[in-house]
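Laboratory data are not the source of any read-out in this text; all were calculated from the coordinates shown. Model, not experiment: these values are computed from the prediction. Ideal geometry is used to build each Cβ from the backbone, glycine not excepted, and the neighbour counts take in all protein chains shown.
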Amino acid sequence: MPSSIFRALVVGIALVARAAHAVTIEGDWLTPNGVARVRIGPCAAGLCGTIIALKAPSDAAGHLQRDGRNVNPALRLRPIVGLEIVHGFKAAGEGRWNDGTIYNPDDGKTYTSKITLKPDGGLKVEGCIAFICVAQNWLRALR
């Protein structure tokens, strides 16, 4: 194989790999103000995300933060770290994911949700009730 064809093939593969990576939301993300670090990756339902770290993992008394506002009393003792909050997202076009839910430990409720990869590389994460959505901007976490 001539070296120029080989180089063109390698460059082409690298560009395709870079383009595929550019539209992924897999990886670690910081919620507003860095309160939580969420790892998004594949799961049986599509794409899911789990809280892997908190800015303040313990309360003032030194106890682990728990899911104390969950609407289900049986789940209120779960630690926040390790909690799946993003669930079941499916690709819906270039830089968009739909058909998922997001759990908000602050109020203990789960919302229908959609995610959009913004041009600046951040995520617009929306939790919705009917047609009313509230958005947060998440930033990609550095390793």
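Here are the numbers for this structure:
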| item | result |
| --- | --- |
| Dipole moment magnitude, nearest 20 debye, the range 25-140 about Cα centre, only Lys, Arg, Asp, Glu C-beta charged | 80 debye |
| Net length gained if the chain between LEU64 and ILE129 were fully extended (0.36 nm per residue, minus Cα distance) | 20.4 nm |
| Protection-proxy order for peptides 79-87, 106-114, each taking the mean of Cβ atoms within 10 Å per residue, highest first | 79-87, 106-114 |
| Residues of type lysines that LYS118 reaches as a straight line, Cα spacing below 18 Å, ignoring anything fewer than 8 places off in the same chain | LYS90 |
| Relative contact order (%) - criterion: Cα under 8 Å, at least six apart; region: the range 25-140 | 20 percent |
| Point-to-point label distance, GLU84-ARG143, nm (Cα→Cβ direction, 7 Å offset) | 2.5 nm |
| Equivalent-ellipsoid semi-axes of the range 25-140, from the Cα gyration tensor, Å, largest first | 24, 16, 13 |
| In order through the range 30-45: 3J(HN,Hα) via Karplus (6.51 cos²θ - 1.76 cosθ + 1.60), integer Hz, x for Gly, Pro | 9, 6, x, 6, x, 4, 9, 10, 10, 9, 9, x, x, 9, 4, 8 |
| Proximal aspartates and glutamates to LYS109, defined as alpha-carbon separation beneath 18 angstrom and excluding residues fewer than eight positions away on the same chain | ASP67, GLU84, ASP99, GLU126 |
| Whole-Hz couplings from phi, Karplus 6.51/-1.76/1.60, listed for the range 80-89; x for Gly and Pro | 5, 5, x, 7, 7, 10, 10, 9, x, 6 |
| Cα→Cβ-extended label distance, 7 Å offset, between LYS109 and ILE52, nm | 3.0 nm |
